[in-house]
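Written out below as structure tokens is the structure these notes cover.
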Amino acid sequence: MRLAFLTPAIGCAILLGAAVPAAAQRQAGGAAAYDPANDPVQLLVKRLDLEQYKNTIKGLAQFGDRRQGTKRNRDAVDWIEAQLKKYGCQDIERITYQYNPAARAQRGRGRGATASPNGRGSYGNGPGGSRIFSDMRERGANNDSLAQPDPAIRAIDTEASTPGERQEVICMKRGTKYPNEMYIIGGHMDGIGWGQAVNDDASGSAIVMELARIFSMPDVQTDRSIRFALWNNEETGLNGARAYVEQRGPMQGKEDPPGSGRYPEPKWLAMIQHDMMMVDHGPPTPDGKLAPQQRPEADINIEFASTSKFADEAMKLAFFWRQADEKYATDYPAAVGPHMTNTDSDPFKDLVPALSLRENERGSQIGGNWDPTHHQPTDVLTTFNDKDFMLGLTSAQTTLGAIGQLVGATVQK
Ligand SMILES: [Zn+2]
């Protein structure tokens, strides 16, 4: 199997060989049988822990829905930064940008308008070029404080958003051989809907934070760099991710200061977003509510955009992720789909191969109301059980497994 897709299409013959993971090469050549006990990536995946993942989600949930432009959002940014510091993540920085929705001609541009007021539609087109084979539709975001039955959560979520300066936190694992190249792993820390934004998107943010924690352990080395990004303002139209692309894009691959061996913004190789990671309960009940249990066929969904400039490379990368699920995940399988949409990977998709990991396909399934907690007061800790949290951890195992191979991770003995 050729793994040429692991490098961007434009560019470097040198990279081509170097980016092929050794383990994948061995598999392809069939020279040596795979030995999990001697696979450093497997050691790292085993460091993931369900309780730890849940605790990180709970840490984020203490700030309620973390709506952008509020103190609870800024407090959450501070908390994330403090955790990353504790983990020893390198090069912790804040991206600062302005968000003034009144001045914007098209608020929420790029998010797709799919929500239905009554949760019904007809068989037909869904977001991102998908097709919804059902008359079920996701409802619009909840804006009614009284829909939140828990007075404590309602109180935390009370402050309204005001325009102005915004910040989001990033950090890095510096590669030792190729510090000038990196993969970007993202999740969005803001939410809406008068709940605790647990599934959307503490569940994805916690994956990014857990990977930052494990890759920052003192015995872990990687050939290439990894960027960890906790995007803000996703819910208003991907504004945090867009600000990053605008500000950091031109800095790619530049050594600063010259001769230092330091690259504040390594060259981007791919971007992988994690958004809504826990709920695959299947279609909603006839009255549009969350089906009570995680369905036995639950899987994680890896999506690329078949309409993007890097569609072919992204598709191959998606199947590499699926293979990482088979190799490293303990509980749930993964599926690949072509309709990536409504995600922070969007601003990256015509610049590098970009993927989005989710609990369901964003268009056909979430669009068809498979997650009735989406942007609703039910997106709170008490809604979810360990089978849900485990779906999130499966994505963490999958991405850690995939990225660990891509960056050439090793563990000192
Ligand atoms: Zn989200």
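Things worth noting here:
- Members of K58/K316; K173/K349; K58/K177; K54/K349; K71/K254 lying beyond 25 Å, as alpha-carbon distances in this model show: K58/K316; K58/K177; K54/K349; K71/K254
- Within a Gaussian network of the chain (alpha carbon springs, distance under 10 Å), most fluctuating of I272, I153, I366: I153
- Antiparallel DSSP beta bridges within the chain, percent to nearest 5: 50
- C-alpha center-to-center spacing [region 159-200, region 344-374] in angstrom: 16
- GNM top mover of A61, A141, A102 - the chain, alpha-carbon springs below 10 Å: A102
- Basic side chains Lys and Arg get +1 at the Cβ, acidic Asp and Glu get -1 at the Cβ, and with that the dipole of the chain about its Cα centre reaches some 740 debye.
- Rolling a 1.4 Å probe over the protein heavy atoms of the chain, with every protein chain left in place, gives an accessible area that is 52 percent carbon and sulfur.
- Length added when fully stretched, A32-A102, from 0.36 nm per residue minus Cα-Cα: 19.2 nm
- Between the Cα long axis of helix 203-215 and the first principal axis of the chain there is an angle of about 20°, rounded to the nearest 10.
- Heavy-atom accessible area for Y263, with the other protein chains in place and a 1.4 Å probe, reaches approximately 50 Å².
- Radius of gyration (Cα atoms) of the chain, expressed as a multiple of 2.2 N^0.38 Å: 0.93.
- Listed residue (T398, N342, N360) projecting farthest to the positive dipole end of region 311-409, Cβ model: T398
- Figure note: K254, K327, K309 ranked by solvent-accessible area, largest first, 1.4 Å probe, ligands and nucleic acids not counted: K309, K254, K327.
- Projecting label points 7 angstrom from Cα along Cα→Cβ for E297 and Q247 puts them 4.4 nm apart.
- Computed with a 1.4 Å probe over protein heavy atoms only, the accessible surface of the chain comes to 39 Å² per residue.
- Compared with the dominant Cα axis of the chain, that is its longest principal axis, helix 71-87 is turned about 30°.
- Within the full protein context, the accessible area of Y34 is estimated at about 80 Å² for a probe radius of 1.4 Å.
- Separation in nanometres of the label points that stand 7 Å from Cα toward Cβ, at R94 and D75: 1.6
- FRET efficiency for A160 and K46, using Cβ-Cβ distance with R0 set to 51 Å, rounded to 0.05: 0.70
- Cα pair count fraction exceeding 18 Å, expressed as % - region 295-382: 47
- Here the spin labels are modelled as points 7 Å beyond Cα on the Cα-Cβ line, and at R262 and F133 they lie 5.5 nm apart.
- The GNM of the chain, with springs linking C-alpha atoms under 10 angstrom apart, assigns the highest mean-square fluctuation among L211, L146, L48 to L146.
- Sorted from longest to shortest, the spans of the Cα atoms of region 334-413 along the three principal axes equal 45, 35, 20 Å.
The values are calculated or read from the model by the stated rules, or taken from the named source; none is laboratory data. All values derive from a computational prediction rather than experimental measurement. So basically every Cβ, Gly included, is an ideal-geometry build from the backbone, and we count neighbours across all protein chains shown. All accessible areas refer to the heavy atoms of the entire protein, side chains included, with ligands and DNA or RNA removed. Shrake-Rupley method; radii C 1.70, N 1.55, O 1.52, S 1.80 Å.
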